[in-house]
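The values are calculated or read from the model by the stated rules, or taken from the named source; none is laboratory data. It should be emphasised that the depicted structure is a prediction, and the values quoted were computed from it without experimental measurement. Cβ placement follows ideal geometry from the backbone for every residue including glycine, while neighbour counts extend to all protein chains displayed.
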Amino acid sequence: MSYSSRLSKPNLIINLCRNRYRIWIVSTLAIVISLIGLITSWLNPSIGFPLRPGLDFTGGTQIKLERLCDNQCTKVSTVQVSDSLEKLSIGKEEFSKKINFSGVRIQALDSSKTLVIRLPFLSAKQAKDVITTLEPIAGPFEPGSQSIDTIGPSLGSRLLRSSLFSLLAAFSGIAIYISYRFDRRFSLLAIVALFHDLIIVCGVFSWLGLINNLEINSLFAVALLTISGYSVNDTVVVFDRIRELNTLDESLTPTQRIDLAVSATLSRTLYTSGTTLLPLAALIFFGGSTLYWFAIALAIGVIVGSWSSIALAPSLLSIKIEH
């Protein structure tokens with residue numbers, strides 16, 4: 001059966017292989033910037049990890065306070081909050097013996113309307129004492145809006161190990177599936193594209209951790225797993241079309257087959273990415289603070305994954321074919 005009877009030729013043919021060096025430059029720059037962020041974060045004494053770990057992984061107590069303001073809240077200095085906590089540590093024997101406030105982290109969000117305070121592990125009574133101490137300088141607080149989240153150190157370390165194990169298991173399963181579905185060169189490049197996507201997403205959040213003190217939690221690990229499946233799915237679609245062209249039309253050169261396959265799947269990839277980004281945009285703008293950074297991570301992953309599927313992976317495949 002001829003090629004024309006099996007596959008419709010797209011109206012627009014993208015010269016991907018001709019512009020592959022530009023594609024590699026863009027991806028290389030993004031990876032280098034991401035790696036610099038990851039290494040800088042790792043070497044930072046206050047972080048000590050490629051990404052700034054949140055409460056889910058480190059353990060401790062997080063107190064979130066919503067201030068009761070009529071129009072605009074007066075600014076609260078983090079130095080004032082820190083000084084009040086130090087006085088509490090000195091004035092109360094229970095705190096001075098057991099709690100080290102040197103690592104406390106204080107954030108003022110939404111024009112100082114919300115205070116988020118990260119502390120070492122506190123009991124319920126100790127957390128209540130902290131809120132009472134902050135009432136004179138940051139209060140009054142909205143009734144029922146006080147949130148106290150506590151995770152023990154052992155639970156935090158277990159969550160970190162389980163998240164890393166889940167990521168490793170997912171990557172291994174993806175590698176096995178692609179190796180079974182395609183030959184070695186296809187599977188190798190699909191894995192390269194996958195790591196490209198994950199490094200860039202992690203790099204963005206490492207820079208956010210350095211600049212904005214953004215911390216990652218267990219939802220970030222879920223986002224990485226989702227991005228992995230999405231990225232590989234798009235790459236498999238493009239590779240499957242290339243493989244189909246290899247068996248149906250031998251009159252085309254290898255680079256022509258790649259260009260034709262990318263052009264034929266481009267609209268499908270863009271439509272899929274666009275419809276995926278729409279609900280993510282809704283989460284970003286209307287989903288609240290809990291899902292905000294989760295949606296941001298997924299949106300970045302969708303954009304970068306689409307780029308690697310329609311540009312990076314096929315352009316790298318052209319090297320293998322030529323050699």
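The residue that is farthest from SER145 (Cα to Cα), among those in the stretch 34-79 that are surrounded by 14 or more Cβ atoms within 10 Å (Cβ to Cβ) and of a type in the set (Val, Ile, Thr), is THR40. Taken over the stretch 162-185, the residue count meeting the criterion of being out of contact with any Phe, Trp or Tyr (no Cβ under 8 Å at 6 or more places or on another chain), under 21 Å from SER218 (Cα atoms) and hydroxyl-bearing (Ser, Thr, Tyr) is 3.
Report yes if some residue within the stretch 267-280 is under 30 Å from GLN62 (Cα atoms), aliphatic (A, V, I, L, M) and touching a helix residue (DSSP H, G or I) at 6+ places or on another chain (Cβ under 8 Å); otherwise report no. Yes; the residues of the stretch 267-280 include at least one that is under 30 Å from GLN62 (Cα atoms), aliphatic (A, V, I, L, M) and touching a helix residue (DSSP H, G or I) at 6+ places or on another chain (Cβ under 8 Å).
Number of residues in the stretch 36-58 that are closer than 21 Å to PHE294 by Cα and either at pLDDT 95 or above or in a helix (DSSP H, G or I) (or both): the value is 7.
For the criterion of being among the polar types (S, T, N, Q), more than 30 Å from VAL26 (Cβ to Cβ), at pLDDT 80 or above and assigned by TED's automatic domain parsing to the domain that holds SER309, SER218 passes. Checked against the criterion of being closer than 18 Å to ILE216 by Cα and in a helix (DSSP H, G or I), the stretch 22-35 contains one or more residues that satisfy it.
For (1) in contact with a helix residue (DSSP H, G or I) (Cβ under 9 Å, 6 or more places away or on another chain); (2) at pLDDT 85 or above, each residue gets a yes or a no:
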residue	(1), (2)
SER172	no, no
ALA175	yes, no
PHE186	yes, no
ILE191	yes, yes
ILE199	yes, yes
ASN246	yes, no
ARG257	yes, no
THR265	yes, no
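Quick one: count up the residues across the stretch 59-99 that are under 30 Å from ARG161 (Cα atoms) and either modelled with pLDDT of 75 or more or part of a loop (DSSP other than H, G, I, E, B) (or both). Residues that pass the stated criteria total 7. Within the stretch 104-119, being buried (at least 16 other Cβ atoms within 10 Å of the Cβ), under 15 Å from SER145 (Cα atoms) and of a type in the set (A, V, I, L, M, F, W, C) holds for LEU115, ILE117. Cβ-Cβ contacts under 6 Å between residues 6 or more apart (or on different chains), taken from a first residue in the stretch 299-320 that is surrounded by fewer than 22 Cβ atoms within 10 Å (Cβ to Cβ) to a second residue that is among the polar types (S, T, N, Q), are listed as SER318/THR255.
When the residues of the stretch 188-214 are filtered to those that are crowded, with 21+ Cβ neighbours inside 10 Å and over 11 Å from the mean Cα position of the chain (by Cα), the one that is farthest from THR78 (Cα to Cα) is LEU189. Exactly one residue out of THR275, THR253 is closer than 22 Å to ASP197 by Cβ and either basic (Lys, Arg) or surrounded by fewer than 16 Cβ atoms within 10 Å (Cβ to Cβ) (or both): that is THR275. Does LEU122 qualify as being farther than 26 Å from TRP307 by Cα, out of contact with any Leu (no Cβ under 7 Å at 6 or more places or on another chain) and surrounded by 18 or more Cβ atoms within 10 Å (Cβ to Cβ)? So LEU122 fits the description; yes.
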